[in-house]
Structures are given as structure tokens and as C-alpha cells.
Amino acid sequence: MNIFRRRLMQAAILLPVGIAERKAPRALGYLPWWMADGWRAMPLALLDRVVLFDAPVLADGTLQSRDWAQRAVGLGRHAPLEIALTLLNEGEFERLFANAAVSERLHAQCVRLLQEPYIAGLHLDFEAYSAVAPQAVAGFRAWLERLAERAEGAGKVISAFFPASDSFAAFDAASARRIAWWVAQLYDAHWAESATTGPLVTRSEANTVAIPRTRARLAALGVPRDRIALSVPLYGWEWSCDSATPGARVRGKGRLLTFAETPSSLMPNDRLAASVLTKRHGLRRDRERTPYYAYRQGAHWVQGWYEDMDSLAHKLAPERGAGYAGLAFFPLGYDQGEIVEPLLRWWRSTPT
């Protein structure tokens with residue numbers, strides 16, 4: 001090894017953690033607080049980033065802690081840790097960022113978190129699917145600018161989840177540059193409150209969450225592909241509905257499916273496993289290879305939809321090898337290793 005190369009390697013090792021890791025992760029996993037105690041059974045060795053999900057932002061600008069300082073003990077040996085700050089609708093976003101005193105309180109809470117030695121950065125999961133008031137947008141962008149400067153000074157990063165919304169315009173090109181890397185929402189093409197049954201991930205551009213539409217939103221902000229990780233759902237939804245046909249009208253809110261069975265000690269209330277129910281009721285697929293099952297229950301039908309290796313490889317094939325940074329799995333622990341490991345191997349292999 002020549003002396004110039006040796007000095008470059010030494011310099012890289014000495015860089016602060018935040019500066020050295022500004023590029024998007026190749027493999028990221030969201031670890032939910034309700035599954036956190038089972039982290040030792042999860043494939044953390046395959047990941048180069050773990051996002052602790054979550055620290056909800058409360059109405060007064062404070063953060064719900066979830067006791068992450070205790071839960072994270074031992075986790076940081078496997079991958080750098082970030083905490084997801086969550087605001088999950090436009091009303092919450094407006095109440096927070098249109099009020100200077102409340103947003104200042106959140107800023108102070110975030111600065112304290114960035115000083116925690118176990119945290120490599122903060123992950124903003126601020127979602128809305130309708131337009132928000134211009135005053136709130138301006139307040140958010142000013143807040144983000146200050147926070148990003150504090151993170152950089154601490155050698156840490158601010159990353160963000162990018163919701164699949166044509167209406168939510170919290171970011172512009174300038175504020176987007178404050179974000180070190182992004183997770184693009186590719187799931188929830190159908191969700192718990194959907195009017196009809198269907199896939200979680202789709203390429204059909206009639207759907208606002210379609211993969212090409214999400215890609216285009218980030219491209220319009222000038223975000224390069226190598227700063228974007230693409231989200232992968234490890235869950236699904238089961239609905240009571242009118243028929244066995246895809247797109248059937250649903251008859252109420254959907255029930256959560258995990259891909260595989262999860263430990264009852266960690267998820268005592270959500271015991272529906274898609275892979276188990278498919279074996280019981282039979283595997284069907286739609287035109288995009290999405291797996292689902294259907295069976296009659298009294299006068300109505302039940303359909304359960306999720307994603308598996310076949311459907312994900314089919315739907316993500318155009319993005320594979322196209323310069324995107326990697327994949328982001330939500331949430332860890334729902335697949336018992338049946339999707340994360342094989343999908344990462346497929347993603348990293350040479351496209352044919």
C-alpha cells in the first residue's frame with residue numbers, strides 16, 4: 001500500500017461519525033419500540049443503519065421518549081442508530097410549526113438528543129397527505145435549517161422519510177439539501193382505511209403512492225438517487241370485503257398482518273401472520289405478482305394482502321442497478337428473516 005493511500009484511509013477513520021456517514025445507507029431497518037426487546041434475533045449484521053421507531057412529537061413540542069436510552073443498550077455495536085421523530089398528519093404539523101414557541105421547544109429537545117452518545121442522527125418522519133398552511137411550511141424550513149446546523153456541528157446527521165403525497169410541500173430544493181439522506185415511501189398504496197382491497201406497493205401511476213410518482217417527487221427537489229433508500233413493507237392488511245376479486249369494496253378498517261409469526265411476548269395483540277393464513281386459504285396473485293388470500297366468511301369475504309420476495313423483486317426491478325442507495329425495511333421483526341436477507345442479496349447482485 002503506498003503512503004498516499006494509507007494517509008487517505010487514516011483520514012477517513014478519523015472523520016467524525018456524522019460527516020463520514022452522510023451517504024444513504026445500503027441497508028436500513030426501522031426497529032419499532034414494541035419489538036425492540038427482540039433485537040438480538042433480528043438480522044442487524046446485514047444493516048448499516050438502524051432507525052429507532054419512534055419518538056412521537058407531542059402537542060407542546062416535547063418528545064415521548066419510549067425509554068430509548070435503555071432500549072438501545074447493545075444495539076449500537078451492530079449499526080449506527082438514529083431516532084425517528086414522528087408527526088403523522090397535517091393537523092399536527094401545522095399546530096407545531098405555525099407556533100414559534102412550540103417549535104422552539106422541539107428544537108431544544110432535538111439538540112439535547114443530538115448530544116446523546118448513542119445517537120448518530122435524527123430521522124424526521126413528518127407526514128401529511130393534504131396541503132398545509134404556508135406559515136407552517138415557512139416555520140418548518142427555518143426550524144430545519146437551524147437543526148441541521150446544530151447536527152453538523154455535533155458531527156451527526158438529519159435524515160428524513162419522504163411521504164408519497166402530491167399535496168404536502170414541506171420541502172423545497174433548499175431545505176431538501178439540509179437532509180443527509182432519504183427514505184422514499186413506496187408502501188401504503190392501500191392501507192387500513194382504504195376503500196378497496198389491493199397491494200401495498202404498486203407501479204400503477206393511477207395510485208399516488210406508485211413507485212414512479214414517488215421517484216419523480218424526489219427528483220423534482222434535486223435529490224440524487226445515491227441519497228435515497230427505497231422503503232420495503234414487512235407487513236400487510238386484511239379486510240372484510242364484498243367479493244374475492246382484487247379491488248373489492250371493503251367493509252371496515254383493515255387488520256394488521258405481519259409477514260411471519262411474531263413472538264407473542266412482543267406483539268400480544270396482533271396475531272395475524274400472512275404466510276400462515278396463505279397456507280390455510282391458498283395463495284393468489286394479482287397482475288403485479290402481489291400475494292393475497294381470500295376466503296368466504298358468512299355473507300361476506302375476507303382478503304389479506306402483503307408483499308413477498310416474488311412481488312418485491314418484480315416491482316423493484318427497474319430501480320435495481322439504477323443508482324439508488326439501498327433498501328429500508330419497515331418494521332424489523334415482522335418477517336423472521338424471510339424477506340430482508342434474500343431481498344438484500346437480490347438487490348446487490350448484478351442485474352441481468
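Numbers for the structure displayed
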item: Residues (closer than 30 Å to Ser265 by Cα and modelled with pLDDT under 95) located in segment 318-338; result: Gln336, Gly337
item: Filtered residues of segment 60-91 (kept if of a type in the set (Gly, Ala, Ser) and modelled with pLDDT under 95); result: Ser65, Ala69, Ala72, Gly74, Gly76, Ala79, Gly91
item: Candidates Thr278, Thr202, Thr197, filtered to the one that is buried (at least 16 other Cβ atoms within 10 Å of the Cβ), of a type in the set (Ser, Thr, Tyr) and closer than 30 Å to Ala36 by Cβ; result: Thr278
item: Residue, farthest from Val111 (Cα to Cα), within segment 66-92, restricted to residues that are within 19 Å of the chain's Cα centre (by Cα) and surrounded by fewer than 17 Cβ atoms within 10 Å (Cβ to Cβ); result: Asn89
item: Meets criteria (surrounded by 15 or more Cβ atoms within 10 Å (Cβ to Cβ), touching a residue at least 12 places away in the same chain (Cβ under 8 Å), more than 20 Å from Ala164 (Cβ to Cβ) and not aromatic (Phe, Trp, Tyr)) for Ala229; result: no
item: Neighbours by Cβ (under 8 Å, 6+ apart or cross-chain): first from segment 145-173, within 10 Å of Leu114 (Cα to Cα); second among the aromatic types (Phe, Trp, Tyr) and in a loop (DSSP other than H, G, I, E, B); result: Val157/Trp181
item: Failed item in (1) small (Gly, Ala, Ser); (2) farther than 25 Å from Leu332 by Cα; (3) buried (at least 18 other Cβ atoms within 10 Å of the Cβ), with Gly236 passing the rest; result: (2)
item: Strands (runs of 3 or more DSSP E) (entirely within segment 247-312) containing at least 2 residues that are at pLDDT 95 or above, farther than 25 Å from Arg203 by Cα and more than 22 Å from the chain's Cα centre (by Cα); result: 291-297, 300-305
item: Residue check, Glu149 assigned by TED's automatic domain parsing to the domain that holds Pro25 and over 30 Å from Arg287 (Cα atoms); result: yes
item: Condition check for Tyr334: surrounded by 16 or more Cβ atoms within 10 Å (Cβ to Cβ) and touching a strand residue (DSSP E or B) at 6+ places or on another chain (Cβ under 9 Å); result: yes
item: Test: residue in segment 197-207 that is of a type in the set (Val, Ile, Thr) and more than 18 Å from the chain's Cα centre (by Cα); result: yes
item: Test set (1) within 22 Å of the chain's Cα centre (by Cα); (2) modelled with pLDDT of 90 or more; (3) among the basic types (Lys, Arg) - Arg95 fails condition number; result: (1)
item: Flag for Ala317 being outside the structural domain of Lys253 (by TED's automatic domain parsing) and of a type in the set (Gly, Ala, Ser); result: yes
item: Leading residue by the ranking (surrounded by the most Cβ atoms within 10 Å (Cβ to Cβ)) among those in segment 102-137 that are more than 21 Å from Ala72 (Cβ to Cβ) and without any contact (Cβ under 8 Å) to a residue 12 or more places away in the chain; result: Ala108
item: Among (1) under 29 Å from Ala27 (Cα atoms); (2) in contact with a strand residue (DSSP E or B) (Cβ under 9 Å, 6 or more places away or on another chain) - the single one Ala69 does not satisfy; result: (2)
item: Val232 vs. criteria under 27 Å from Trp181 (Cα atoms), at pLDDT 95 or above, assigned to a loop (DSSP other than H, G, I, E, B) and hydrophobic (A, V, I, L, M, F, W, C); result: no
item: Unique match (being in a loop (DSSP other than H, G, I, E, B) and modelled with pLDDT under 95) among Asp166, Asp188; result: Asp166
item: Filtered residues of segment 174-192 (kept if free of Cβ contacts under 8 Å to residues at least 40 places away in the same chain and surrounded by fewer than 14 Cβ atoms within 10 Å (Cβ to Cβ)); result: Ala174
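The values are calculated or read from the model by the stated rules, or taken from the named source; none is laboratory data. All values reported here derive from a predicted model rather than from experimental measurement. We place every Cβ from the backbone using ideal geometry, glycine too, and count neighbours over all the protein chains shown.
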